[in-house]
Amino acid sequence: MGISITGMTSAPPSATTIGNLGRHLAHTLSSSEWREIADLFDGTFADVASIPPRDAARIGDLLHKAAGHRLMPGEWRTLAAEMGTAAQQTARAGRNWEWR
């Protein structure tokens, strides 16, 4: 079953897909940056999240940073960038970024 994420235009990613993305994020972000988003991407997310705009904007920045990293594989780059854009657009709209 997929996790519905506000602003995503593709099919909802599964918890497994998000956890797999997280492994790549952990290798492309600094340890302090990874800790900021680990609760969403470490493979244990199985709940509902309502992320305030300021936090969503920061997560979006980190996802775009990771997507642009030379070690991020192509298919994961696309997902990270899409999620980053969704987070930033939701934040700019002043809404919470919802994961369900």
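How many angstrom separate the Cα center of the stretch 64-100 from the Cα center of the stretch 1-54?
9 Å
Carbon and sulfur together cover what percent of the accessible area of the chain at a 1.4 Å probe radius?
51 percent
Specify, per residue and in Å³, the volume enclosed by the convex hull of the alpha carbon atoms belonging to the chain.
Values: hull volume 8.0 nm³, N = 100.
Dividing the Cα hull volume of the chain by its residue count gives 80 Å³.
May I ask you to derive the relative contact order of the stretch 15-93, considering only C-alpha pairs under 8 Å and at least 6 residues apart, and to give it as an integer percent?
34 percent
Using 1/(1 + (r/R0)^6) with R0 = 22 angstrom and r between the beta carbons of His27 and Glu98, what's the FRET efficiency to the nearest 0.05? Write down the numbers at each step before the final one.
Details: r = 27 Å, r/R0 = 1.24.
That gives a FRET efficiency of 0.20.
Would you mind getting the accessible area per residue of the chain, heavy atoms of the protein chains only, 1.4 Å probe, in Å²?
53 Å²
The values are calculated or read from the model by the stated rules, or taken from the named source; none is laboratory data. Since we're looking at a predicted model, the values are computed, not measured. With ideal geometry, Cβ positions are generated from the backbone for all residues, glycine too; neighbour counts draw on all protein chains shown. What goes into the accessible areas is simple: the full protein's heavy atoms, side chains included, and nothing from ligands, DNA or RNA. Shrake-Rupley method; radii C 1.70, N 1.55, O 1.52, S 1.80 Å.
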